[in-house]
Every structure is written in C-alpha cells, then in structure tokens.
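Below is one structure, written out as structure tokens; the observations come after it.
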C-alpha cells in the first residue's frame with residue numbers, strides 16, 4: 001500500500017485539522033524525557049496516519065526514523081507527542097529514514113520488527129499482511145490522531161408535498177319568478193229572447209195556463225287552475241382530485257476534492273483506490 005507525506009496527500013492539511021500541525025511537535029517519553037521532534041507524517045491512500053517521521057535525539061544519537069502511529073499520543077494543546085518508550089537501542093536498530101527513501105513492504109517490516117513485542121504471534125506474510133493485524137502499532141485513537149478525508153459535493157434530489165390551495169364545493173339556493181299558463185273553461189248562461197213563430201195567434205183560454213213559480217234551472221261550471229311546486233333532480237356534481245405528474249430538472253455546481261501527489265527523487269508510487 002503506497003504511503004504519502006502530509007503535503008503530498010493534502011496540500012491544505014492544516015485547514016483539515018483546524019489549524020493544528022503535527023510537524024514541529026516535540027516527542028517525549030511518558031516519563032517526560034525529550035527524545036526528538038516530529039519532522040513529518042506518512043498516511044495511506046485513505047488518509048489514515050501510519051507513521052510519524054521522527055528526528056531523534058537520544059543520548060547524542062541523531063537520525064530520522066519512522067515511528068508507527070499506534071505507539072504515539074498526540075497532544076496538540078501541549079504541542080507535544082508522547083511515546084511509550086523509545087530506547088537508544090531501538091533507534092540504533094532502526095533503518096534511517098531519508099527524504100529519498102522508498103517506503104516499501106520490506107522497509108516497513110524492518111521498522112515493525114524493531115517495535116514488535118517479543119510475545120507477538122504475528123508472522124509476517126507480504127501477500128496477506130494488513131495493518132489491522134497489529135493494532136498495537138497502527139490503531140488510531142481518534143482523540144489523539146486524525147484522518148485526512150477527501151470530500152465531494154453531490155446534488156441530492158428529494159421531494160415533499162406542500163399545500164398550494166384548496167377547492168370548496170357547496171350549494172346555495174337561487175330564486176326566480178316562473179310563469180305558467182293554464183287554459184281554463186267557464187260556463188255562462190245566455191238568455192235570448194226571439195220572436196215567436198206563433199205571435200199573434202189566438203190561444204184558447206182553456207189552454208192558457210198562467211201560474212207563478214215556474215223555474216228553469218241550469219248548472220253553470222267553470223275550471224279553476226291547480227298550480228303547485230315539486231322538486232326534481234336537475235344534475236349531479238361529482239368532486240374528485242387527480243394527480244398530474246411532471247419532471248423538474250435542476251442543476252448546480254458541485255465540488256470534489258482530488259488528490260495531489262508530489263514526489264521528490266526517482267520514486268515509483270502506485271495509487272490504489274478502494275471503493276467505498
């Protein structure tokens with residue numbers, strides 16, 4: 001797995017750490033003995049700290065070495081890095097780190113072999129080895145260590161329902177004057193007096209009967225209109241709602257952080273991307 005210096009991985013790593021910089025922090029043992037200064041740090045392709053580059057100063061012995069990150073405790077407020085012991089013998093046994101050093105699997109194993117506990121049951125196999133097999137050397141305590149992360153922006157499309165209005169359907173009564181015509185019949189009595197054909201004819205006194213009280217009765221009728229109101233169903237109104245579908249197109253400018261890797265010297269660096 002390729003390793004990168006901080007500025008190779010992220011030129012703006014100080015902003016990522018909120019202004020904190022591990023470079024220049026002094027290295028002390030837990031007992032308070034100063035044993036060197038942090039010159040740089042190496043991170044993997046995921047931005048996780050793997051080694052601190054230490055400019056050691058142990059009993060007049062000066063050289064740069066790699067210290068597995070799990071053995072350190074970074075205290076930014078105190079501007080110090082604490083290590084669980086770093087003996088002169090360990091510094092002497094470590095391969096010196098130079099700016100043009102190629103940190104490959106063989107180099108890393110030479111560093112691990114110096115710090116690995118005698119009781120460790122790890123058997124190194126280049127094909128199967130991973131940092132997770134030795135948590136004491138590489139586990140990161142998020143309180144003391146940090147991971148560089150590359151960010152990108154994405155457009156997230158979602159939808160929610162909002163009330164745009166409402167429709168109220170009711171009914172009311174309107175009045176108007178209606179006119180209707182009904183033909184009716186009325187009976188009336190017409191009395192006509194016409195000259196008799198027997199006018200001037202002498203009637204036998206015995207045949208002429210004069211009497212009072214003779215009445216002719218005729219019934220007279222007329223029609224009267226019968227007008228009333230009845231209610232009828234005129235029409236039905238059905239109220240329903242339908243869903244109209246539409247596609248809304250949106251665009252915006254999004255940003256993505258990419259890796260800038262600068263190397264010095266004739267280094268062969270491979271960048272392996274882990275999809276996640």
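Bear in mind these aren't lab numbers, they're just calculated from the coordinates by the rules spelled out. Worth saying up front: this structure is predicted, and the values here are computed from it rather than measured. Every residue, glycine among them, receives a Cβ derived from its backbone with ideal geometry; neighbour counts consider all protein chains shown.
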**Request:** Take residue 107, project a point 7 Å from its Cα along the Cβ direction, then tell me which residues of region 1-33 have their backbone nitrogen under 18 Å from it.
**Result:** 1-10
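Computed FRET efficiency, Cβ-Cβ of residue 124 and residue 92, R0 22 Å: what is it to the nearest 0.05?
Efficiency computed from Cβ-Cβ geometry: 0.50.
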**Message:** With only alpha-carbon atoms in the gyration tensor, what are the semi-axes of the equivalent ellipsoid for region 13-78, in Å, largest first?
**Reply:** 21, 14, 10
**Item:** Descending semi-axes in whole angstrom, ellipsoid equivalent of region 4-138, from the Cα gyration tensor
**Value:** 22, 20, 14
**Asked** Roughly what would the spin-label model give for residue 222 and residue 192, points 7 Å off Cα along C-beta, in nm?
**Response** 2.3
**Prompt:** Points 7 angstrom from Cα along the Cβ direction at residue 251 and residue 46: gap in nanometres?
**Reply:** 3.7
